[in-house]
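Pasting a structure here, questions to come.
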Amino acid sequence: MKTHISAFIISVSLLPSLLISSDIKSGEDLIFPNSAEKICFVRATGKEGALLVGEKLPADHALVQEIVEQMNYPFHQSVIKLSQCARNLSSNTKGPNVLFLSQTEGGFPRQGLILKHGNRTENYPDLFYVDLVLDEQRVARGELDIYSHELGHVMMLNIMGDEIPDSRSTKQHVSMGITDYSTAFFEGWGIHFQRLAFDSIPLYRQAYQSSLDHSRGFARTWHSNIDQSLRLNAVLENNYIHQKLLPAVDISNLDTEELILLEHTSPVFDKTKLKNAQQMLSCEGVLATLFYRINTNKILQDNYQDASFYNLFLLNPIPEDTKPEELFTPMENVFLKNFYVWDKIKGELTPESRIFIEFIKQWFNSFPEDKQEILKLFVIMTVGKTVTNDLGKTYETMSYHGIIGDYQKFRELATRVLDEALSMVKKILADEISLEANIGPQIWIKNEDFLIRTTLWNPQNKKPLSINLNTASEFDLTSFPKISLEKAQYIIKKREALGYFSSLEQAKASGFDTSESTHNNIIIPKRIAK
């Protein structure tokens, strides 16, 4: 979710003995205003106007002590440190780092807080912080694994804030669904922390393993548990780049909204069929995979910068006798590069920006020593779909032969896919082809006559369906009165043959017709007012 507000707070800067253990790296006093008071825990007590109100919990509070035990894991200490670095870069250091413990199920980044501590009240209307529902049982079950996901959102908001273009899709964000560039970028960044936490903390791996026990296994069919499994496993396996299959259920009695939601939430991937370039860049699972690969890449991690670069993230300059490697781990190093790139692109983004592509291109400019590695990673992971469809066709044939066990053909095609991907990288580096040659325009249409729920669990909360004709599913298209399922399938096939629709006129020439409805409108690209 984006920036809004909620109800129970934990802050990283107010608890002297609370959070971080005594095993603190030298130099953290260069990062935190008070390195002994990194996080503050706050309980919600109400709301005043638009701001939530909460009281600071004491260090000896039972729940605080349970949370602190896990916050002392090196991974959590790292992400808290990185969050403070993001604040330092943006000069947004007023107020503590806060974990807001609320009664709102899920996890959220929030903005704005009135913090009460004894007789003292402090207002922080611009403070970004994490909101979670936690109790001792949830903490023991490893549910603090979502903390770094939400803190990742806080990092991005501290640097980019309102410069992130507004979401254009009215579908709920889910890792396996396709929405828009902004949603995918924002949520994909958060999701990749879940895999990082899983990699780094045995407790969270054990908790997930326990959830697979035969006595609890039926719960894994619940939507959020399916989504969690994909966030852990599909990210690792790069499954999100594939098109999805509809579950084998009787769809004859489902209405159009139910069909759209079924396709949107389907966890079934067809490995013989790739998403198109815009679909990949509009899928948070794909971007989570790319963020994960970038931030775990040893070459990118180990390419340190001059000390002056790190001073951007510090309250005071690095001492002359201290190397950046002594202050920041390789993982922290690559994260700081992410932050720097966000800061560079934030003022340039519009609703038409291909945000992840802009992110990659700015990385090239900012860290040229990383260019070849990050480009190779991106091209291989996306099978070059942003450049051309040709490599993807070879990949799809390869995957088919792999599925049916034709080893010789599979091996031959696998070698060709890798060779052609590396050749593509060389051509991009030589400016012979463009990284974004195969990305068509966004063609957004709002269907005012068709409402879609914006949260899966609330059928009453609905908005007009907003779709991009270059990413729309066949069921999205059937929401328009004159488009049957057969016609929608024909339109999709025409789009695939063309690669993408270059204009609304081309989409209409391929069968997209809304003339029967007077309430459909084209969404004209413009800068979103904040």
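The values are calculated or read from the model by the stated rules, or taken from the named source; none is laboratory data. Just so you know, these numbers come straight off a predicted model, no measurement behind them. Every residue, glycine among them, receives a Cβ derived from its backbone with ideal geometry; neighbour counts consider all protein chains shown.
Would you confirm, using the coordinates I've provided, whether L144 is part of a helix (DSSP H, G or I), within 21 Å of the chain's Cα centre (by Cα) and modelled with pLDDT of 95 or more?
no
Follow-up question, since we're still on this one. Being touching a residue at least 24 places away in the same chain (Cβ under 8 Å), under 20 Å from S90 (Cα atoms) and either charged (D, E, K, R) or surrounded by fewer than 19 Cβ atoms within 10 Å (Cβ to Cβ) (or both) is true for just one of F339, F313, F309, F335. Which residue is that?
Just a single option satisfies the conditions, and that option is F309.
When you look at E122, is it outside the structural domain of L456 (by TED's automatic domain parsing) and part of a strand (DSSP E or B), yes or no?
yes
Another question about this same structure. Here are R495, R453: which of them is crowded, with 20+ Cβ neighbours inside 10 Å and of a type in the set (K, R)?
Of R495, R453, the one residue that is crowded, with 20+ Cβ neighbours inside 10 Å and of a type in the set (K, R) is R495.
Within segment 190-210, can one find any residue that is modelled with pLDDT under 95, not assigned by TED's automatic domain parsing to the domain that holds T471 and not in a helix (DSSP H, G or I)?
no
Here is a further query. Scanning for something among the hydroxyl-bearing types (S, T, Y), under 29 Å from P165 (Cβ atoms) and in contact with a helix residue (DSSP H, G or I) (Cβ under 6 Å, 6 or more places away or on another chain), does segment 218-227 turn up at least one residue?
no
Also, I was wondering about something else. Can you name the residue in segment 225-271 that is in contact with a Phe, Trp or Tyr (Cβ under 6 Å, 6 or more places away or on another chain) and not charged (D, E, K, R) and, of all such residues, is nearest to L281 (Cα to Cα)?
Here the answer is H242.
Identify, from the list A421, A488, A497, A472, the residue that is touching a residue at least 40 places away in the same chain (Cβ under 8 Å) and within 18 Å of N276 (Cα to Cα).
Being touching a residue at least 40 places away in the same chain (Cβ under 8 Å) and within 18 Å of N276 (Cα to Cα) holds for just one of A421, A488, A497, A472, which is A421.
Further, regarding this structure: Quick check on this structure: which one of T289, T272, T329, T296 is over 30 Å from N225 (Cβ atoms) and among the hydroxyl-bearing types (S, T, Y)?
None of the other options fit; the residue is T329.
Another question, then. Which condition breaks for D126 when tested against (1) touching a residue at least 24 places away in the same chain (Cβ under 8 Å); (2) surrounded by fewer than 22 Cβ atoms within 10 Å (Cβ to Cβ); (3) out of contact with any Asp or Glu (no Cβ under 8 Å at 6 or more places or on another chain); (4) under 24 Å from E284 (Cα atoms)?
The failed condition is (4).
If P351 meets every condition in (1) in a loop (DSSP other than H, G, I, E, B); (2) farther than 30 Å from K508 by Cβ; (3) touching a residue at least 12 places away in the same chain (Cβ under 8 Å); (4) not basic (K, R) apart from one, which number is that one?
So P351 meets the others, but not (2).
Which residues, taken from segment 400-427, are out of contact with any Asp or Glu (no Cβ under 9 Å at 6 or more places or on another chain), among the hydroxyl-bearing types (S, T, Y) and within 30 Å of R354 (Cβ to Cβ)?
S423
Right, something else. Is it true that S252 is among the hydroxyl-bearing types (S, T, Y) and over 14 Å from T382 (Cα atoms)?
Yes; evaluated as a whole, the condition is true for this residue.
Conditions tested, residue by residue: (1) outside the structural domain of G499 (by TED's automatic domain parsing); (2) under 21 Å from G440 (Cα atoms); (3) of a type in the set (F, W, Y); (4) crowded, with 18+ Cβ neighbours inside 10 Å.
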residue	(1), (2), (3), (4)
S366	yes, no, no, no
V383	yes, yes, no, yes
Y400	yes, no, yes, no
I403	yes, no, no, no
Q408	yes, no, no, no
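Sort out which residues of segment 202-211 are in contact with a Gly (Cβ under 8 Å, 6 or more places away or on another chain) and more than 16 Å from I226 (Cα to Cα), and write them in order of number.
L203, Y204, Q206
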